Ligand code: NAD
């Protein structure tokens, strides 16, 4: 079995999301995020900001070896050879020979090629070009198909997760298989969530913001949220969730905000297709 613990054991409790920032705005956001203390930065080919993330890392003055950078293979590059080519292009844009955490962005099951991409990623991991490999938006079934074909489980599965869509079943599956859950749209895109009474009451009790309550909820559940903000003040606020605790009841009550149709983006991995 391939050992991917190197990167995963070092996975920070909170990361930084970069979509939809691009260009100079993204460079500046990455510099301020790194200075705020983020050591996990999330990008993707489809965000069109891998180059800006690379520049931001260089301008931050922090050594690349201290930051875990995630990037993701787009649907149009599924397939064994196409994955290898796409990986090289990502490395070029990031300005790095190695990718810390390389994910398949969406399974695009109707294409029928994510297993071939996974085989290529296993090879990239063996060659030391990807320090760890994982998936995004994979269901239990997609993970099982990739693992059955290669004997290699993803180190992480990055999925939509927030109180309206708490991924109870998938997180249990991840735990059983030693897969880390990374949560995208962890704040529910800064939505109505912040006005939910259970979130507001906890924020008042603890003298923190609703966003901090939601991020602390992720941390206590063991998922790794990757909130996005271009604002340095909010970037710091979103990392500052390690000196208070939600009660078990508060954690449970926030999980109870979940609903079957709680996805905010409509991205059901079984049908969503993204090139
Ligand atoms: P998010 O939950 O991080 O919400 C972002 C919104 O919340 C922004 O409008 C931001 O201004 C606001 N916000 C941030 N901090 C705040 C605070 N402290 N108080 C109030 N508002 C605050 O949602 P997102 O940007 O959709 O997701 C985060 C990251 O996840 C993305 O940037 C991207 O890197 C990743 N992502 C991955 C996928 C995938 O398919 N793998 C899909 C979507 C997003």
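Values in this text are rule-based calculations from the coordinates and carry no lab data. Everything quoted here is computed from the prediction, not taken from an experiment. Every residue, glycine as well, gets a Cβ built from its backbone with ideal geometry; the counts of neighbours run over all protein chains shown.
Values as computed for the structure displayed
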quantity: Degrees, to the nearest 10: 114-126 long Cα axis against longest axis of the chain; calculated: 80 degrees
quantity: Ranking of 242, 201 by count of other Cβ atoms within 10 Å, fewest first; calculated: 242, 201
quantity: Viscosity 1.002 mPa s, 20 °C: Kirkwood-radius Stokes-Einstein D of segment 201-275 over Cα pairs, µm²/s; calculated: 151 µm²/s
quantity: Compactness of the chain - radius of gyration and Dmax, Cα, Å; calculated: 17.9, 54
quantity: 43, 204 arranged by Cβ crowding within 10 Å, fewest neighbours leading; calculated: 204, 43
quantity: Using a Förster distance of 41 Å, the FRET efficiency for residue 207-residue 140 (Cβ separation, nearest 0.05); calculated: 0.55
quantity: Mean Cβ neighbour count within 10 Å, used as a protection proxy, ranking 25-34, 153-162 highest first; calculated: 153-162, 25-34
quantity: Beta bridges by DSSP in the chain, antiparallel share as percent, to the nearest 5; calculated: 5 percent
quantity: Chain lengthening between residue 10 and residue 119 when straightened (0.36 nm per residue, less Cα-Cα); calculated: 36.8 nm
quantity: Computed over segment 1-159, Cα set: Rg, Dmax in Å; calculated: 14.8, 43
quantity: FRET efficiency for residue 25 and residue 110, using Cβ-Cβ distance with R0 set to 35 Å, rounded to 0.05; calculated: 0.55
quantity: Two-site label geometry, residue 261 and residue 247: point separation in nm, points 7 Å out along Cα→Cβ; calculated: 3.3 nm
quantity: FRET efficiency, residue 148 to residue 236 (Cβ-Cβ, R0 30 Å, nearest 0.05); calculated: 0.10
quantity: Directionally averaged projected area (convex hull, Cα atoms, segment 137-264), nm²; calculated: 8.2 nm²
quantity: Quarter of Cα convex hull surface for segment 44-130, i.e. mean projection, nm²; calculated: 5.1 nm²
quantity: Reciprocal of mean inverse Cα separation for segment 1-63 (Kirkwood radius, Å); calculated: 12.3 Å
